[in-house]
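The values are calculated or read from the model by the stated rules, or taken from the named source; none is laboratory data. Every value quoted in this text rests on a predicted model; they were computed, and no experiment measured them. With ideal geometry, Cβ positions are generated from the backbone for all residues, glycine too; neighbour counts draw on all protein chains shown. Note: accessible area is taken over every heavy atom of the protein model, side chains too, but ligands, DNA and RNA are not part of it. Shrake-Rupley method; radii C 1.70, N 1.55, O 1.52, S 1.80 Å.
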Amino acid sequence: MNPSEYQPEILETEIQSSWLTEKAFSVDVDTSRDKFYCLAMFPYPSGKLHMGHVRNYTIADVIARYQRMMGKNVLQPMGWDAFGLPAENAAIQKKVAPAAWTKSNIAEMRRQLQRLGFAYDWDRELATCTPEYYRWEQWFFTRLYEKGLVYKKMATVNWDPVDQTVLANEQVIDGRGWRSGAEVERREIPQWFIRITDYAEELLDNLDKLEGWPEPVRLMQRNWIGKSRGVELSFELDTPIAGLDKIDVYTTRPDTLFGVSYVSLAAEHPISLALGKDNPALATFIGDCKKASVAAADMARAEKLGMDTGIRASHPLTGEAIPVWIANYVLMDYGSGAVMAVPAHDERDWEFARQYALPLISVINDEGGQPADVTTAAYIERGTLTNSGTYDGLAFEDAFEKIASALEEKSLGKVTTQYRLRDWGVSRQRYWGTPIPMLNLEGGGEVPIPADRLPSLLPEDVVMDGVASPIKTDPNWRKFEIDGATCERETDTFDTFMQSSWYYARFTCPDYDQGMLDSDAANYWLPVDQYVGGIEHAILHLLYARFFHKLMRDEGLLSSDEPFERLLTQGMVLKDGAKMSKSKGNTVDPQELIDRYGADTVRLFSMFAAPPEQSLEWSDAGVDGSHRFLKRLWRLVQEAESGAAQTLEAATLDKAQKALRRKTHETIAKVSDDYGRRQTFNTAVAAVMELCNEVSRHDGRSAEDAIVIHEALSSAVLLLAPIVPHISQALYQTLTGEHLLDATWPVVDESALTRDEIDIVVQVNGKVRAKIAVAADADKDAVQEIALAHENVQRFIEGVSIRKIIVVPGKLVNVVAN
Ligand code: ANZ
């Protein structure tokens with residue numbers, strides 16, 4: 001290789017293969033050293049890396065490499081979130097088994113990651129579709145089953161009546177099956193759930209501890225958990241229906257109790273179902289409700305429909321007879337599946353009351369102290385009570401407590417807490433996933449597969465017909481014998497969020513075969529010090545991983561409470577203002593860029609173009625600019641005199657040499673802060689570019705000049721090393737003869753920061769008239785004297801009388817004259 005030319009392709013591939021053969025980033029537990037666990041969300045092996053991956057993984061790599069230079073024992077692993085639906089779709093289209101498709105994608109994407117030079121410990125690579133991984137997930141599920149933390153219940157799925165199969169939500173397009181085009185129905189089938197609601201309170205409380213997380217993410221989690229304080233109260237029935245002598249409702253607004261104009265039940269409420277039995281019109285209505293979408297958001301938006309049941313229930317405080325309706329906007333699995341409807345103060349009830357001409361009773365005063373006008377919309381603010389008997393005039397808190405205790409006295413209500421969070425349904429009717437390790441017994445009921453018979457292996461050599469899961473149609477696979485009795489394996493597989501909920505912990509001991517986790521390794525490395533990933537995972541993935549962490553803690557596998565200490569959510573990669581995506585056809589292939597410019601240029605551009613949390617607008621010119629900068633840096637170093645840095649005799653430096661030294665050390669201070677505290681890598685790059693400009697401008701050629709230039713350039717190279725590790729390694733070698741991976745982060749020499757002289761602005765009547773250089777320790781009088789002596793200042797004060805001179809030390813002198 002011609003050393004005077006920057007040839008990234010040759011240089012980078014050579015360095016990368018040396019990293020691989022030397023296992024440069026393999027690490028072990030070392031309790032004598034501080035650890036740093038840096039993790040980027042592992043990819044789904046879809047085929048090729050896209051720019052979003054490149055950005056995500058570069059950010060994490062920069063942090064990992066920086067921490068290594070800071071002396072930490074750094075773990076940065078990589079693996080594959082390898083189960084999931086796209087593999088099944090590809091299998092059907094390309095006639096290749098999902099396992100084979102996934103494995104070849106992994107090989108290609110691993111090659112691409114290596115070509116980008118990420119500092120991974122490849123010895124820890126794992127793929128979630130391997131039995132070595134999912135067997136522990138199966139084992140853990142059986143443990144949760146033994147502890148009563150999982151249960152089976154009927155739940156709704158999308159059913160394609162033509163293909164006779166369950167569809168994932170993504171496979172339902174405009175209400176129709178993606179393959180058959182048939183109108184999708186809802187079906188109830190038995191499914192497995194994990195009791196995340198048992199941990200709702202802790203998941204909520206611990207959010208306060210996560211100070212290293214972006215506030216918006218914590219807020220989204222808080223809202224998702226959705227804790228509310230309300231009152232559960234009862235409307236009594238004269239004659240019991242379905243064995244119930246009262247209707248329980250849950251409300252967060254007991255202050256509006258006097259505004260109730262009807263009670264509404266969910267279609268699946270036991271009273272609704274019982275009434276439907278001898279009322280065909282009601283039965284039809286209930287059937288229609290069941291067909292509609294179950295998503296809460298859809299229910300809130302959909303047209304409000306209902307039917308009067310004809311029965312009445314009595315108001316718990318006034319005893320008034322209140323009509324009971326069935327309404328499509330009431331969810332069966334929230335609260336008690338029934339609501340006290342207050343159309344004057346709730347938007348959904350208002351819409352419903354409008355539709356069916358039900359009374360609107362305003363019981364809250366508006367800001368003017370009058371009963372709120374609810375003729376055009378519900379008044380949903382809190383306010384003082386009106387039309388509420390003895391409670392009139394009370395404010396919300398007071399009314400809440402007093403009405404709650406009145407209900408409590410009558411044994412018709414109590415204060416309760418509700419969470420919007422639902423238990424986690426983990427059953428999927430797909431093939432390419434972890435088989436749920438349960439056995440269905442012949443006479444009904446189920447038992448877990450015993451630990452010594454795990455894993456429950458997923459067959460890999462299958463043909464996909466696009467309809468049924470191959471394990472559902474394979475009687476041999478289903479058959480299982482336990483204690484001489486024949487039973488059937490569960491043929492559903494786990495939600496893929498199961499695998500991504502604990503992979504970060506398995507990375508600490510990927511080959512451990514005595515259990516799910518080696519606790520010593522897990523407790524040394526965990527929690528993850530820095531997690532990096534997309535904001536799209538702000539809720540589900542992060543919540544499930546936090547939940548699993550607590551489950552693993554309570555199983556005695558690890559001892560911390562939370563998995564991720566600090567979280568960075570990177571912004572999107574945009575092109576022409578829109579998200580880069582295949583469907584928009586505006587993608588840029590990272591591979592082409594690597595081929596053309598090298599990995600360092602791609603890494604530099606993705607770090608320089610925007611702060612990590614903001615969106616990054618793609619720019620070809622920006623990529624080109626990054627490349628030109630690297631070429632210039634290369635040239636600067638080749639031109640500089642090589643050799644080990646010599647010790648500097650600060651006293652002998654001239655003004656320009658001192659200035660360059662100061663710039664070097666100011667840059668080190670700023671860039672260190674940018675990497676560590678601020679995590680703004682774009683400003684770090686900008687600062688190093690400035691330093692390089694100073695080096696270009698420095699024109700002294702003495703031995704001292706060579707030394708300060710050498711110091712500036714080797715600092716620049718070290719400061720850029722986490723971002724552009726290949727060129728940095730080569731240039732560091734040239735400059736110092738040493739190996740970059742052994743180098744530590746540069747240290748600021750405080751003495752180099754002190755200035756002998758500082759620049760001060762001189763104004764006359766507020767207008768800048770001169771810039772003067774004064775000794776850094778000059779006193780006010782001396783500064784004033786130099787300012788007034790300046791010839792341009794002289795011109796402006798000639799012939800006028802000076803009224804006042806203001807000296808702001810280190811900044812400016814203002815002469816006030818008239
Ligand atoms: C009466 C009322 C008056 C309500 C008012 C609101 C405003 P959050 O805050 O989300 O917990 N609700 C209760 N159970 C329901 C169910 N199964 N399906 C649909 N809606 C249900 O919401 C609690 C409120 O949601 C409750 O307070 C109830 O309506 C409704 F001016 O009760 B409210």
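Just a few scattered comments:
- Residue list for the stretch 234-251, given a label point 7 angstrom along the Cα-to-Cβ vector of LYS277 and an amide N cut-off under 13 Å: 240-244
- List LYS811, LYS582, ordered by accessible area with a 1.4 Å probe, largest first: LYS582, LYS811
- Three-way shape call for the stretch 670-818 based on the alpha-carbon gyration tensor, with the a/c threshold at 1.5: prolate
- Angle in degrees between helix 681-697 and the longest Cα principal axis of the chain, rounded to the nearest 10: 10
- Of the residues ILE364, GLY383, HIS345, the one whose Cα sits farthest towards the positive end of the charge dipole of the stretch 325-433 is HIS345 (charges of +1 on Lys and Arg Cβ, -1 on Asp and Glu Cβ, taken about the Cα centre).
- For the stretch 484-638, the residue among ALA521, HIS537, GLY556 whose Cα projects farthest onto the positive side of the dipole built from Cβ charges is HIS537.
- Rolling a 1.4 Å probe over the protein heavy atoms leaves TYR524 with an accessible area of roughly 30 Å².
- 3J(HN,Hα) from dihedral phi, the stretch 503-511, Karplus parametrisation 6.51/-1.76/1.60, rounded to Hz, x for glycine, proline: 4, 4, 7, 5, 4, 6, 7, x, 9
- Take the Cα of LYS811, step 7 Å toward its Cβ, do the same at LYS771, and the gap between the two points is 1.8 nm.
- Dipole moment magnitude, nearest 20 debye, the stretch 667-779 about Cα centre, only Lys, Arg, Asp, Glu C-beta charged: 580
- Selection from GLN729, ALA107, GLN418 lying farthest towards where the dipole of the chain points positive, charges on Cβ: GLN729
- Taking amide H as placed 1.01 Å from N in the peptide plane, GLY413 has its amide H under 5 Å from the amide H of GLU408, each at least 5 places away in sequence or on another chain.
- For the residue pairs LYS767/LYS804; LYS23/LYS72; LYS227/LYS410; LYS246/LYS290; LYS94/LYS579, the alpha carbons lie more than 19 Å apart in LYS227/LYS410; LYS246/LYS290; LYS94/LYS579.
- Mean separation of Cα contacts under 8 Å, 6 or more apart, over the residue count of the stretch 3-109: relative contact order %: 32
- Accessible heavy-atom area order of TYR356, TYR329, highest first, probe of 1.4 Å: TYR356, TYR329
- Alpha-carbon centroids, the stretch 142-171 and the stretch 278-292: separation in whole Å: 24
- Where the stretch 120-160 is the region considered: accessible area per residue in Å², 1.4 Å probe: 36
- When you filter the GluC sites (Glu not before Pro) in the stretch 717-770 for DSSP loop state and at most 15 other Cβ atoms inside 10 Å of their Cβ, you are left with GLU738.
- Against the criterion of solvent-accessible heavy-atom surface with a 1.4 angstrom probe, ARG661, ARG135 sort, most first, into ARG135, ARG661.
- Three-way shape call for the chain based on the alpha-carbon gyration tensor, with the a/c threshold at 1.5: oblate
- Per-residue SASA remark: THR473, around 90 Å² accessible (1.4 Å probe; ligands, DNA and RNA not included).
- Rounded to the nearest 20, the Cβ-based charge dipole of the chain about its Cα centre (Lys and Arg +1, Asp and Glu -1) stands at 1380 debye.
- Added length on full extension, which subtracts the Cα-Cα distance from 0.36 nm per residue, ASP483 to ASP511: 6.9 nm
- Extension reserve of the GLU14-GLU201 stretch, reckoned as 0.36 nm per residue once the Cα distance is removed: 62.0 nm
- Crossing angle, helix 8-22 versus the chain [Cα axis fit, 0-90 degrees, rounded to tens]: 70
- GLN370 paired with LYS290, simple spin-label distance in nm, labels 7 Å along Cα-to-beta-carbon: 4.9
- The trypsin sites (Lys or Arg not before Pro) found in the stretch 435-486 include none that occupy coil by DSSP while having at most 13 further C-beta atoms within 10 Å.
- Computed FRET value (nearest 0.05) for ALA395 with ASP34, which takes r as the C-beta separation and R₀ as 41 Å: 0.15
- Per residue, the solvent-accessible area of the stretch 568-624 (1.4 Å probe, heavy atoms of protein chains only, all protein chains present) comes to 45 Å².
- Normalised contact order of the chain, rounded percent, pairs of Cα under 8 Å and 6 or more residues apart: 14
- Residue separation of ASN818 and THR21 scaled by 0.36 nm, minus their Cα-Cα distance, works out to 279.2 nm of gained length.
- Compared with the dominant Cα axis of the chain, that is its longest principal axis, helix 215-225 is turned about 10°.
- Overall, the accessible surface of the chain at a probe of 1.4 angstrom is composed of carbon and sulfur to the extent of 49 percent.
- Dividing the helix sum by the residues of the chain, where each DSSP H run of 4 or more adds -39500 (n - 2.57), gives a mean residue ellipticity at 222 nm of -11500 deg cm²/dmol.
- Under 5 Å, built H, 5+ apart or other chain: amide partners of LEU567: TRP213, TYR531
- Among the listed pairs LYS48/LYS582; LYS103/LYS584; LYS153/LYS550; LYS780/LYS811; LYS147/LYS550; LYS48/LYS103, those beyond 18 Å (Cα-Cα): LYS103/LYS584; LYS153/LYS550
- The ARG176 and ASP465 beta-carbon pair, evaluated with R₀ = 35 Å, returns a calculated FRET efficiency of approximately 0.95.
- Using heavy atoms of the protein chains and a probe of 1.4 Å, the accessible area assigned to THR496 is about 50 Å².
- Placing +1 on each Lys and Arg Cβ and -1 on each Asp and Glu Cβ, with no other charges, gives the stretch 505-578 a dipole about its Cα centre of roughly 280 debye.
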